[in-house]
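The values are calculated or read from the model by the stated rules, or taken from the named source; none is laboratory data. Note that this is a predicted model, so its numbers are computed, not measured. Backbone-built Cβ (ideal geometry, glycine too); neighbour counts: all protein chains shown.
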Amino acid sequence: MTTPGAGVAIVTGADRPVGIGAAIARRLIADGWPLLLTLLPDDPADADGAQGLLALAAAAGTKAATLSVDLAEPDAPERVLATAGELGTATTLIGCAAVSERDGWQALSAAGFDRALAVNARAHALLATGLVRDLPNGHGGRVVVITSGQGLGPMPDELAYVASKAALEALTVSLAPDFAARGVTINAIDPGPTDTGWMTDADRTDAIAPDGRGGHPDDITALITFLLSDGAKRMTGQVLRVRGGR
């Protein structure tokens, strides 16, 4: 695994205890990574989740901090990177934050579309490019973003979300060559149907995979660990699907 002491990992959207981002943060804390976690402003539930992660980090002797920020704001990526810089050199970005709404074609609005693009695609593109721009050439940074398999079939009830996640996958592929020239990898993970509190019993049954159950956030952490390791230093520009065959 890459050396945690060599830099700070930024994890966006790590504040919901049952979410993928929180599961990744818990794994990185266990592995000794200094962390900056972003959370939505003015959301008590998210703040409580983040406090739990900070307590976990303190118990493990790991440096961690949170930043309350709306990633839709144009200057949000700069603020995130500046705050991470107070902890050390930011070498790693794990992009989990996302917004979505039930917006089928009849409800699609300019405001909803713009916000999805701003949070899900623009913020993470600017975070990734800003992180790489600030790293010494050849440092060996890592960028991993979470997508949703939107290219595998229709998602007619979440149109803005679909478009923004498709943009994120396209950016992953197109940023990879220039990032590679600076010693940085970028990959996307499509976790497939994952129980982060939204699944019904029927959803869980429908999502059954070869291991006999539906997706769980912890299923993604082993892949994250690999992507941050020296064993993955030649893997970049990939969209990796953890869908249990679905």
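The sole residue among T3, T62 that is over 15 Å from the mean Cα position of the chain (by Cα), buried (at least 16 other Cβ atoms within 10 Å of the Cβ) and modelled with pLDDT under 95 is T62.
Quick grid of which residues meet (1) in contact with a His (Cβ under 7 Å, 6 or more places away or on another chain); (2) farther than 18 Å from G237 by Cα; (3) in contact (Cβ under 8 Å) with a residue 60 or more places away in the chain; (4) not hydrophobic (A, V, I, L, M, F, W, C):
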site	(1), (2), (3), (4)
A57	no, yes, no, no
D75	no, yes, no, yes
A90	no, yes, yes, no
V99	no, yes, yes, no
D114	no, yes, no, yes
V144	no, no, yes, no
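Tell me, please, whether a residue that is modelled with pLDDT under 95, assigned to a loop (DSSP other than H, G, I, E, B), closer than 19 Å to I220 by Cβ and under 15 Å from the mean Cα position of the chain (by Cα) can be found in the range 33-54. No. When T172 is tested against the conditions (1) surrounded by 20 or more Cβ atoms within 10 Å (Cβ to Cβ); (2) under 23 Å from R16 (Cβ atoms), the lone failure is (2). Does L71 satisfy being part of a loop (DSSP other than H, G, I, E, B) and within 21 Å of D15 (Cα to Cα)? When the stated conditions are applied, L71 passes them.
The rows are residues; the columns are (1) touching a Lys or Arg at 6+ places or on another chain (Cβ under 9 Å); (2) crowded, with 24+ Cβ neighbours inside 10 Å.
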| site | (1), (2) |
| --- | --- |
| L117 | no, no |
| A123 | no, yes |
| S148 | yes, yes |
| K165 | no, yes |
| V184 | yes, yes |
